[in-house]
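Visitor: Can you keep this structure in mind? I'll have questions shortly.
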Amino acid sequence: MKNVSKITLATLIATSAFTFATSAAAQMAAMAPMAPASAGQSSMSEGEVKNVDKDAGKLTIKHGELKNLGMPGMTMVFRVKDPAMLGQVKVGDKIHFVADRVGGALTVTSLEVAK
Ligand SMILES: [Cu+2]
């Protein structure tokens, strides 16, 4: 019985999600293409801090795929939007972050240490 009710619930959720997606798509159809919505943690990328360079204001991050930048996982240097971010992390920290192109430079615009 437990399984049956779970399946029913899952079906309900899937159905309502589909309905929502359909109506949302209809509303969006009138709008021009835009950047992916950046809301909440789902838009954050994962990474590991490899180096913190406070003098240069840069972070070296081994990052996973950055979907908003169309970039595969790699280790690279980022600028940081706010120098205070450099004080929030240390080498070896696992982080969630958002990177964007600011004035042509790849910049960490949001950052939190993964717990
Ligand atoms: Cu990269």
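Visitor: For Lys58, which sequence-distant residues (separation of 5 or more, or a different chain) have an amide H within less than 5 Å of its own amide H, given hydrogens modelled in the peptide plane?
Guide: Correct list: Asp53.
Visitor: Name the long-range amide H neighbours of Met71: under 5 Å, sequence gap of 5 or more, or other chain; modelled H, no Pro or chain starts.
Guide: Leu66
Visitor: Each residue of region 57-72 in order: what ³J(HN,Hα) in whole Hz does its phi give by Karplus 6.51 cos²θ - 1.76 cosθ + 1.60, θ = phi - 60°, with x for Gly and Pro?
Guide: Rounded to whole hertz, the list is x, 10, 10, 9, 10, 8, 10, x, 4, 9, 5, 5, 10, x, 10, x.
Read-outs: derived from the displayed coordinates by stated rules, not from any lab. In this text, all values refer to a predicted model and were calculated from it rather than measured experimentally.
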